[in-house]
Amino acid sequence: MTFDEFGTENEKTLLLLPGTACTWQINFSQVKEELEKRYHLICVNYDGFDGDNTVPFPDMITVTEKIEDYIRKEHGGRVDGAYGSSLGGSFVGLLIQRKNIHIDHGFIGSSDLDQGSPFVAKIMTKIIGGAIQGASGGPKKRERFYKMLEKGAGMQINEETRSFLEEFADSMGKLHPDTIKNEFYSDYVTPLEENIDIPGTTVHIIYALKMGKKYEKRYLKHFADPDIIRFDMQHEAWMLEAKWRQPVMDAIDRCMKGERVG
């Protein structure tokens, strides 16, 4: 597991937690430079994504504990903000509910927060996890994966998004064969509490409306008083499409200053 820090001359800290099957280098490649100008970034690569393909991703709690240990040791147990992209939002929720470190502003970035039984998780892992891992297996499997994203996440495959997805798919072949399976399964079965409400912490939801209405119900279920910031975009489109970049960054800046934007 690796932690890389940038923009250390800036006062406010922002923890960046990548999504499913991503390194921070891939997930935040289009926004990292601009965020680095504004914040002291702490960029995380989970076990299994840190360049050591002999060790797979273990499980959500083991990784959460390692993040907590690092923040306690290097940052006195506190960060100003934590942005979790997609699956990374599950980590933000876990870090907040466990209360082993303090986060002033937790950002849930288009996360689905989907949870279920181990039985269902095994089926979902085989179908969706298999499609993700298969993206590196050739043009036909790659196109099948793209169609899954279009249908399941409302993602539009265009020139901007395809460039990102090609890099993403190529990276799959460098991972331990159990990493995607372990990550997807563990995220699905690791419980996130309901009505999470921690004094001094505000949860901000970057809500991509094109994902569908059911996700807002999950946000309201898990967090007591979330600041839901709605954008009529696809899943984490601000990471991929230039037109969404500034509006979402402006919202993050306002939140980090203590405003509720939604």
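The values are calculated or read from the model by the stated rules, or taken from the named source; none is laboratory data. In this text, all values refer to a predicted model and were calculated from it rather than measured experimentally. Glycine also receives a Cβ, built like all others from the backbone with ideal geometry; neighbour counts cover every protein chain displayed.
Structure data summary
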item	result
Failed item, numbered, when MET233 is tested on (1) in contact with a Lys or Arg (Cβ under 8 Å, 6 or more places away or on another chain); (2) surrounded by 13 or more Cβ atoms within 10 Å (Cβ to Cβ); (3) within 13 Å of LEU113 (Cα to Cα)	(3)
Residue match in the range 233-242 (condition: in contact with a helix residue (DSSP H, G or I) (Cβ under 6 Å, 6 or more places away or on another chain), over 25 Å from GLN30 (Cα atoms) and part of a helix (DSSP H, G or I))	no
In the range 20-64, the residues that are among the acidic types (Asp, Glu), in contact (Cβ under 8 Å) with a residue 12 or more places away in the chain and out of contact with any helix residue (DSSP H, G or I) (no Cβ under 8 Å at 6 or more places or on another chain)	GLU36, ASP50
Of the criteria (1) of a type in the set (Asp, Glu); (2) farther than 30 Å from GLU159 by Cβ; (3) modelled with pLDDT under 95, which one GLU241 fails	(2)
The lone exception for THR8 - which of (1) surrounded by fewer than 21 Cβ atoms within 10 Å (Cβ to Cβ); (2) of a type in the set (Val, Ile, Thr); (3) touching a helix residue (DSSP H, G or I) at 6+ places or on another chain (Cβ under 8 Å); (4) outside any helix (DSSP H, G or I) it fails	(3)
Complete set of residues in the range 59-74 that are touching a strand residue (DSSP E or B) at 6+ places or on another chain (Cβ under 8 Å) and surrounded by fewer than 18 Cβ atoms within 10 Å (Cβ to Cβ)	TYR70, GLU74
Where a residue in the range 230-248 is touching a residue at least 60 places away in the same chain (Cβ under 8 Å) and at positive phi and its partner, wherever it lies, is among the aliphatic types (A, V, I, L, M) and not in a loop (DSSP other than H, G, I, E, B), with Cβ under 7 Å and at least six apart	GLU236/ALA208
Residues that are outside any helix (DSSP H, G or I), of a type in the set (S, T, N, Q) and modelled with pLDDT of 95 or more, drawn from the range 87-110	ASN100
Selected residue (criterion: nearest to the chain's Cα centre (by Cα)) from residues of the range 19-58 that are acidic (Asp, Glu) and buried (at least 16 other Cβ atoms within 10 Å of the Cβ)	ASP47
